[in-house]
Amino acid sequence: MSKVLIIGAGGVGRVVVHKCAQHPEIFSEIMLASRTKSKCDDIVADVQKATGHPAMQTAQVDADNVPELVQLIRSFGPKMVIHVALPYQDLTIMDACLETGVHYLDTANYEPKDEAKFEYSWQWAYQDRFREAGLTAILGCGFDPGVTSIFTARAAKHHFDEMHYLDIVDCNAGDHGKAFATNFNPEINIREVTQKGRYWENGQWVETEPHEIMEVLNYPNIGPRDSYLIYHEELESLVKNYPTLKRARFWMTFGQEYLTHLRVIQNIGMAGIEPVKYKGMDVIPLEFLKAVLPDPGGLGENYTGETSIGCRIRGLKDGKEQTYYIWNNCSHQAAFDETGAQGVSYTTGVPAALGAAMLLTGEWGGAGVFNVEEFNPDPFLDKLGEWGLPWQETVGADLEL
Ligand code: NDP
């Protein structure tokens, strides 16, 4: 029975609030706080109607402002903060958690707003402070990073003596009927997919041009899809935590239509993060673009099809070659029917809420800053299906990569 503070009232926040409220035996009191309080009020009204949770409240907070966060945390007194606002706020929220003595969980690593660069170094630098405070910071507990990292931990624990080749494969075969939309925050999403590709091979990072490497990969229940090698943040911690990996790559599917829009957006400068002067005002093109693109949180209605995300791994078990594939498929429609959010928000929000439950029930813990593959994967994966994301695995899989 614990109080939890959820920060961020976007698509992911909506799912986290639903999932926490479905488990009042763990999350006995819930506060949702974000920049725009009316969005929190709407979500909490929907969730109360769906679940009947008896103790939910909302608040306004600017999560860029540590004193404001500290004041809110002190007044509510949660045991932990689930941060599903934007990666720009990771460090301010971690600072506020340290100042108030509460645990921390997020789904995306820190990115400076003016630098289109994401890596764990900034958050790993909090290791000693969290350790000394006896607090837990759980980094990257969405789907990818998050479940993909926990899938890898399961592979390492139960199916391999040594993992050599890891390919994380992320397919969204959904159709939202819009000419162009991103499935989560457009600013973060476009920054992520327009950067150079990068993968780990033989002890070093290999850089590629954006979308330079493509393979047609088959996804369960979906079929073949063009899959592009991109850099994704969990690779950084996985190659550190599993040093036997000779190669680690991340693949994401994009349709031709999506890539054409993206190319045009870049070519005309709308993906820019440097301010431009417009009618005497400083405008950041990518922030302006976000304002005119469809709200990812509103894509759920009429969104058909499925996501399929998993890990394809080769290595050694008992001295023999072993192959392994573990994945989840998630239906956009089923996610929407349950929570009012589409599949990408759902696959992120469910693991965030379950990761918080792991901490609050004592299955995960420890003092310091942890990536999720460092925890025991078993209790999390035992519950993941029940919480809405059933997974499957094939040992001795016929892998394409
Ligand atoms: P949205 O843009 O839909 O929602 C973000 C929310 O954060 C909004 O409610 C926004 O407020 C709020 N917010 C932004 N800045 C502040 C601030 N300074 N103070 C308080 N609140 C603020 O994003 P999503 O829900 O799609 O994504 C949430 C997070 O999940 C992101 O960090 C994203 O990177 C991550 N993610 C992780 C994935 C994974 O698998 N690991 C996959 C997908 C997303 P307002 O409504 O006022 O704009």
**Asked** Taking R0 as 56 Å, what's the FRET efficiency between ASP398 and MET270 from their Cβ-Cβ distance, rounded to 0.05?
**Response** 0.85
**Complete:** Unit-weight point scatterers at every alpha-carbon of the range 1-79, Debye formula, q = 0.11, 0.15, 0.22, 0.25 1/Å: log10 I(q)/I(0) is -0.24, -0.45, -0.95, -1.19
**Message:** Report the gain in length on full extension from GLU257 to MET214: 0.36 nm times residue separation, minus Cα-Cα distance, nm rounded to one decimal.
**Reply:** 13.9 nm
**Asked** In whole Å, how far is the Cα centre of the range 112-150 from that of the range 182-211?
**Response** 18
**Asked** What ranking of HIS103, HIS158 emerges when the number of other C-beta atoms within 10 Å of each C-beta is taken as an exposure proxy, fewest first?
**Response** HIS158, HIS103
**Request:** Pull up the cross-link candidates among the aspartates and glutamates for LYS279, meaning alpha carbon to alpha carbon under 18 Å and not fewer than 8 places away within one chain.
**Result:** GLU287
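When averaged across all projection directions, what area in nm² does the alpha-carbon convex hull of the chain cover?
Working: hull surface 75.7 nm².
Taking the Cα atoms of the chain, their convex hull projects to 18.9 nm² on average.
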**Asked** For the charge dipole of the chain, defined by +1 on Lys and Arg C-beta atoms and -1 on Asp and Glu C-beta atoms about the Cα centroid, which residue among SER237, LEU72, PHE160 has the Cα displaced farthest towards the positive pole?
**Response** LEU72
**Message:** If N is the number of residues in the range 292-401, what value comes out of its Cα radius of gyration divided by 2.2 N^0.38 Å?
**Reply:** 1.28
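If neighbour count is taken as other Cβ atoms inside 10 Å, put ASP318, ASP90, ASP226, ASP41 in order from fewest to most. Please list the in-between numbers first.
Working: ASP318 7, ASP90 25, ASP226 17, ASP41 14.
Result, fewest neighbours first: ASP318, ASP41, ASP226, ASP90.
What are the equivalent ellipsoid semi-axes of the range 68-151, built from the alpha-carbon gyration tensor (square roots of five times its eigenvalues), in whole angstrom, biggest first? Walk me through the numbers before you get to the answer.
On the way: eigenvalues 84, 44, 33 Å².
Semi-axes (√(5λ), whole Å): 21, 15, 13.
Provide Rg over Rh for the range 165-226; use the alpha carbon set for both Rg and the Kirkwood Rh (inverse mean inverse pair distance).
On the way: Rg = 14.1 Å, Rh = 14.1 Å.
Taking Rh as the inverse mean 1/r over Cα pairs, Rg/Rh reads 1.00.
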**Under 27 Å from LYS317, Cα to Cα: lysines that are on another chain or at least 8 residues apart** = LYS157, LYS240, LYS246, LYS383
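Which entries of LYS19/LYS117; LYS19/LYS39; LYS3/LYS39; LYS113/LYS290 show an alpha-carbon separation above 19 angstrom in the structure shown?
Values: LYS19/LYS117 31 Å; LYS19/LYS39 17 Å; LYS3/LYS39 21 Å; LYS113/LYS290 14 Å.
Result: LYS19/LYS117; LYS3/LYS39 exceed 19 Å.
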**Prompt:** For a label point 7 angstrom out from the Cα of GLN195 toward its Cβ, which stretches of the range 138-176 have the backbone nitrogen within less than 13 Å?
**Reply:** 145
**Complete:** Computed over the Cα atoms of the range 91-219, the Rg and Dmax in Å are 17.6, 50
**Item:** Stokes-Einstein translational diffusion, the range 103-179 - Kirkwood Rh over all Cα pairs, 0.890 mPa s, 25 °C, in µm²/s
**Value:** 159
**Asked** So for the pair GLU321, GLU132, with labels modelled 7 Å out along Cα→Cβ, what separation do we get in nm?
**Response** 5.1
**Item:** Length-normalised contact order of the range 231-372 in % [C-alpha pairs under 8 Å, at least 6 apart]
**Value:** 14
**Request:** Take the range 338-377, drop everything but the C-alpha atoms, weight them equally and run the Debye formula without solvent; then report log10 I(q)/I(0) at 0.32 Å⁻¹ to two decimals.
**Result:** -1.12
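What fraction, in whole percent, of alpha-carbon pairs in the range 261-305 exceed 13 Å separation? Don't jump to the answer; show the numbers that get you there.
Working: 635 of 990 pairs.
I get 64 percent for the Cα pairs in the range 261-305 exceeding 13 Å.
Any read-out appearing in this document is the output of simple, stated calculations on the displayed coordinates, not a laboratory observation. On a predicted model such as this, the values are computed, not experimentally measured, just so you know. Here Cβ is always computed from backbone atoms with ideal geometry, including for glycine, and neighbour counts include all displayed protein chains.
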